[in-house]
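Structure, as structure tokens:
Just so it is clear, none of the values below were taken in a lab; they were calculated from the coordinates. None of these values were measured; they are calculated from a predicted model. Positions of Cβ are generated from backbone atoms using ideal geometry, with glycine treated the same way; all protein chains shown enter the neighbour counts.
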């Protein structure tokens, strides 16, 4: 008889009980879907723990030992290097949990200048404990953010002007697999990022995450039609439409 599947609440409580007594662990919180009030039956668990800088490896070992008590770990994937060097990430899939209930676990060095906590960008994270209010919720540095956004927009425009024609080049050659891949990774990816900059700039670099929630419904419907390509002829037509939409969106963005 198969064991009853673990729930997110059981997993989180077990980790709270294990981590909270440790003197070098300062805060434990959940981000991701819960921070945007979007938890559903397919959500994973995005967990963060702030620890003394020299206790990262030990923390992962303790967490894994606790998870193994709950269930055998079916798969583990360590992320070798995040864009934030003081954050360390691993993914866990438990044998006795839903295949969707992955544990995305990030160990944060206490000295990390960016703990991914600005509510404007990362939503309202849920703290399970925060000893002495050690971890502070920072205010978004709007000037710095706007500067990064302008730099990204300029780079996006240049990248599109340089490389978008590669799609047409491969269509002309009859290399439709290459053309379709470039259409998705160059044309449509640029379009989505430009639309995010226009409609929800705080999440301009979220790629495809949350597009169904954060872009206007009519925009999402139009994007869906462009993403589903049924033939070589359809690819040509949709590539032209998407490319035109990118240019129009660039011209509409206020910098």
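Structure above, values below:
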| quantity | calculated |
| --- | --- |
| The range 45-123 and the range 203-224: distance between their alpha carbon centers, rounded to Å | 27 Å |
| Distribution of pairwise C-alpha distances over the range 8-133, 5 Å bins, in % | 2, 10, 22, 26, 22, 14, 4, 0 |
| Global geometry of the range 153-239, whether rounded, prolate or oblate, following the gyration tensor of its Cα atoms and the 1.5 cut on a/c | oblate |
| Angle in degrees between helix 189-199 and the longest Cα principal axis of the chain, rounded to the nearest 10 | 80 degrees |
| Theoretical ellipticity at 222 nm over the chain - DSSP helices of four or more residues, -39500 (n - 2.57) apiece, nearest 500 | -14000 deg cm²/dmol |
| Largest-first principal axis extents of the Cα set of the chain (Å) | 62, 53, 31 |
| Label-point separation in nm, residue 124 to residue 53, each point 7 Å along Cα→Cβ | 3.4 nm |
| Which of 212, 88, 122, 199 has the fewest Cβ neighbours within 10 Å, and the rest in rising order | 212, 199, 122, 88 |
| FRET E, pair residue 39, residue 240, Förster distance 30 Å, beta-carbon r, rounded to 0.05 | 0.15 |
| Chain lengthening between residue 10 and residue 165 when straightened (0.36 nm per residue, less Cα-Cα) | 50.6 nm |
| For the chain: relative contact order, % (alpha-carbon pairs under 8 angstrom, 6 or more apart) | 17 percent |
| Rounded tilt (10° steps) of 232-252 against the dominant C-alpha axis of the chain | 80 degrees |
